[in-house]
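Derivation of every value follows stated rules applied to the coordinates shown; laboratory data play no part. Bear in mind that the values here come from a model prediction, so they are computed numbers and not experimental data. With ideal geometry, Cβ positions are generated from the backbone for all residues, glycine too; neighbour counts draw on all protein chains shown.
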Amino acid sequence: MNTFERIYEIVKQIPKGKVASYGRVAALAGNPAWSRVVGYALHVNPDPDSIPCYRVVTKDGKLSEAFAFGGINVQRELLEKDGVEFLADGRVDMDKFEWRL
């Protein structure tokens with residue numbers, strides 16, 4: 001399995017109503033230094049219907065300015081549809097919604 005495939009397999013495991021940080025996905029995929037690689041892999045996501053890349057945010061809960069499938073507003077809408085709540089400053093409440101294995 002190549003690096004992107006490992007990343008996609010991790011992202012597929014993030015349950016509805018939870019988010020994971022790029023760094024968390026990178027660590028689970030085998031290398032905590034791969035945060036940028038995770039971002040690139042998600043940007044070229046070959047199957048957004050089954051690989052929920054919108055559930056990946058920064059470590060402090062910020063959404064991606066360059067969300068590949070419609071922009072930051074679409075990412076927020078998808079997360080809210082999943083039941084994820086946001087703090088007053090627009091970040092995901094990581095204490096409440098971060099996915100932990």
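Summary table
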read-out: Meets criteria (touching a Pro at 6+ places or on another chain (Cβ under 7 Å) and surrounded by 13 or more Cβ atoms within 10 Å (Cβ to Cβ)) for ALA20; value: no
read-out: Count of residues meeting criterion [crowded, with 19+ Cβ neighbours inside 10 Å and either of a type in the set (Val, Ile, Thr) or closer than 19 Å to GLU98 by Cα (or both)] in the range 36-63; value: 12
read-out: Cβ pairs under 6 Å, 6+ apart, first in the range 79-95 and surrounded by 15 or more Cβ atoms within 10 Å (Cβ to Cβ), second assigned to a helix (DSSP H, G or I); value: VAL84/PHE97
